[in-house]
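Engineer: Can you keep this structure in mind? I'll have questions shortly.
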Amino acid sequence: MKRTLTIVALLLASSMAFSQQVASRAKAMRMMNFSRPEYEIKDIKVYTDTMTVYSLSRYIIYPLGEWSSVEQYITDNQLHWYRDIGYRNYYDSMEVSVNRMRRTDDSYIDMYYSIWTKQVELVGGYIADPEVQLVNGLHVGMSKDDVFKVFFKKYPKSYTADVAVLKVVSGAGEVAEIYTFHGQKLRHIKIETAYKYY
């Protein structure tokens, strides 16, 4: 009898997990219909409290804008940055100069000038300062609803109610912007890159 109950419980748990997976995929497919065309969203995945959006937009690779020098970025955004310069390995045989731009609240942005693209490329970053604004207007302290409205024209509020993390990934997966919410407010933005310096 105990074995039968255990088997039934396992079958119920697996069927519930499968139905949740199907419901998450249905939500993701419906959200695709609401996406803004300028972000060229090609896929959405929802897993527990995280929504991952795959975009072909150039914005995802350059969320702070396209700059021809680090100095130009510093001058144009008119924020006070503390600047550290260090070196990172380039294909394990060379080193490139990476600038870490810091704010007093532990926010930072790592960037370097690429000789190949002739512009500033992001290496990574963590933004908790509401004064640091991305090109599309996103900044810490915004409501969750306002953040989603940047990427989607409209959407059922119930689809984002359980989302605590919105991850926007470039098409090739080399850059990811991770928006973390605390309640209904954007708490911080993290930028991660997976490509080699080029």
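The values are calculated or read from the model by the stated rules, or taken from the named source; none is laboratory data. As the structure is a computational prediction, the values presented were derived from the model and not from experiment. For neighbour counting, all protein chains shown are included, and Cβ atoms are generated from backbone atoms with ideal geometry for every residue, glycine included. Only protein heavy atoms, including side chains, enter the accessible area calculation; ligands, DNA and RNA are left aside. Shrake-Rupley method; radii C 1.70, N 1.55, O 1.52, S 1.80 Å.
Engineer: Only loop residues by DSSP count here, and only those with at most 14 other Cβ atoms within 10 Å; note down the trypsin sites (Lys or Arg not before Pro) in the stretch 101-164 that meet that.
Structural biologist: Working: sites: R102, R103, K118, K144, K149, K153, K154, K157; in loops: R103, K118, K153, K154.
Here the trypsin sites (Lys or Arg not before Pro) that fit, given the DSSP loop and packing criteria, are K118, K153, K154.
Engineer: Using a probe of 1.4 angstrom, how much of the accessible area of the stretch 64-198 is carbon and sulfur, in percent?
Structural biologist: Accessible surface attributable to carbon and sulfur in the stretch 64-198 totals 50 percent.
Engineer: 5 Å is the cut-off here: which amide hydrogens, built 1.01 Å from N in the peptide plane, fall below it relative to D43, excluding neighbours closer than 5 in sequence?
Structural biologist: The list, which skips near neighbours in sequence, is Y54.
Engineer: Which order, highest average first, do 129-140, 76-87 follow once you tally other Cβ atoms within 10 Å for each residue and take the mean per peptide?
Structural biologist: Numbers: 129-140: 16.3, 76-87: 11.5.
Most protected by this proxy first, the peptides run 129-140, 76-87.
Engineer: For the pair R88 and R25, how long in nm is the line joining their label points, each one 7 Å along Cα→Cβ?
Structural biologist: Between R88 and R25, the label points sit 3.6 nm apart.
Engineer: Which three extents, in angstrom, do the Cα atoms of the stretch 131-191 have along their principal axes, listed largest first?
Structural biologist: Largest to smallest, the principal-axis extents are 30, 27, 19 Å.
Engineer: For the stretch 52-198, what is Rg from Cα atoms divided by 2.2 N^0.38 Å, rounded to two decimals? It would help to have the intermediate numbers written out before the result.
Structural biologist: Details: Rg = 15.7 Å, N = 147, 2.2 N^0.38 = 14.7 Å.
Ratio of Rg to 2.2 N^0.38 Å for the stretch 52-198: 1.07.
Engineer: For K185, go through the lysines and keep the ones whose alpha-carbon is under 25 Å away, minus same-chain ones fewer than eight residues off.
Structural biologist: Straight-line reach from K185, under 25 Å: K27, K45, K144, K149, K153, K154, K157, K167.
Engineer: Per residue of the stretch 111-118, in order, report the coupling 6.51 cos²θ - 1.76 cosθ + 1.60 (Karplus, θ = phi - 60°) as ³J(HN,Hα) in whole Hz, putting x for Gly and Pro.
Structural biologist: 8, 8, 8, 8, 6, 7, 8, 6
Engineer: Let me ask something additional. Nothing charged except the Cβ atoms of Lys and Arg (+1) and of Asp and Glu (-1): what's the magnitude of the dipole of the stretch 107-180 about its Cα centre? Round to the nearest 20 debye.
Structural biologist: Working: 7 positive and 9 negative charges, 82 e Å.
So the magnitude is around 400 debye.
Engineer: Within a Cβ distance under 15 Å of D129, other residues only, what is the Lys/Arg minus Asp/Glu net charge?
Structural biologist: Values: positive: R100, R102, R103, K185, R187, K190; negative: D105, D106, E131.
Combined, the nearby Lys, Arg, Asp and Glu give +3.
Engineer: Ordered by residue, what ³J(HN,Hα) values in Hz, to whole numbers, does the stretch 170-180 give under the Karplus form 6.51 cos²θ - 1.76 cosθ + 1.60, where θ = phi - 60° and Gly and Pro are x?
Structural biologist: Working through the residues one at a time gives 5, x, 8, x, 7, 10, 9, 10, 10, 9, 10 Hz.
Engineer: Setting aside same-chain residues fewer than 8 positions from K118, which aspartates and glutamates have a Cα under 13 Å from its Cα?
Structural biologist: Once the sequence-local aspartates and glutamates are set aside, what remains near K118 is E66.
Engineer: Something else: Give the ranking of S68, S114 by solvent-accessible surface, highest area first, calculated with a 1.4 Å probe. Write down the numbers at each step before the final one.
Structural biologist: On the way: S68 70, S114 0 Å².
These residues rank, largest area first, as S68, S114.
Engineer: So, counting K/R as plus one and D/E as minus one, what does the shell of residues with Cβ under 13 Å around I85 add up to? Don't jump to the answer; show the numbers that get you there.
Structural biologist: Numbers: positive: R83, R88, R100, R102; negative: E71, D84, E95, D110.
Once all neighbours under 13 Å are counted, the net charge is 0.
Engineer: Convert each backbone phi in the stretch 74-84 into a coupling constant with the Karplus relation 6.51 cos²θ - 1.76 cosθ + 1.60 (shift: θ = phi - 60°), then list the ³J(HN,Hα) values in order as whole Hz, x for Gly and Pro.
Structural biologist: Taking θ as phi minus 60°, the curve returns 4, 5, 6, 8, 6, 10, 7, 10, 8, 10, 10 Hz for the stretch 74-84.
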